[in-house]
């Protein structure tokens with residue numbers, strides 16, 4: 001039975017590692033996603049340190065109408081304070 005109040009957490013890092021094609025799978029499963037979790041690949045570090053195009057994904061989430069939560073679960077490459085600079089740098093053009 002399908003529950004109307006059951007949603008999933010979409011982990012961008014793990015989806016990139018396991019399947020790739022993040023934008024398409026976000027759009028395909030949008031109605032069941034209530035939380036997006038992020039980290040970059042490789043290394044599970046902050047966005048902007050690896051291969052995932054986060055500025056594109058942030059614009060895509062807006063374009064497809066995502067209105068859920070976005071959370072971070074990454075290991076800063078240096079310090080926590082320095083690791084927080086990714087947000088301003090990657091969202092400047094979104």
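What follows is calculated from the coordinates using simple rules that are stated; it is not laboratory data. If you're wondering where the values come from, they're calculated on a predicted model, not measured in any experiment. Cβ: placed from backbone, ideal geometry, glycine included. Neighbour counts: every protein chain shown.
Tabulated results
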| read-out | value |
| --- | --- |
| Taking only Cα atoms of the stretch 41-94, radius of gyration then Dmax in Å | 11.6, 34 |
| Residue order, fewest to most surrounding Cβ atoms within 10 angstrom, among 81, 52, 64 | 81, 64, 52 |
| Nearest 10 degrees, 0 to 90: helix 54-63 Cα axis against the chain principal axis | 30 degrees |
| Gaussian network model of the chain, springs between alpha carbon atoms under 10 Å - residue of 73, 46, 19 with greatest fluctuation | 19 |
| Percent RCO, i.e. relative contact order, over the chain, from Cα pairs under 8 Å lying at least 6 residues apart | 28 percent |
| Footprinting exposure proxy for 4, 25 (fewest neighbouring C-beta atoms within 10 Å first) | 4, 25 |
| In nm, spacing of pseudo-spin labels at residue 81 and residue 9 (7 Å Cα→C-beta vector) | 2.9 nm |
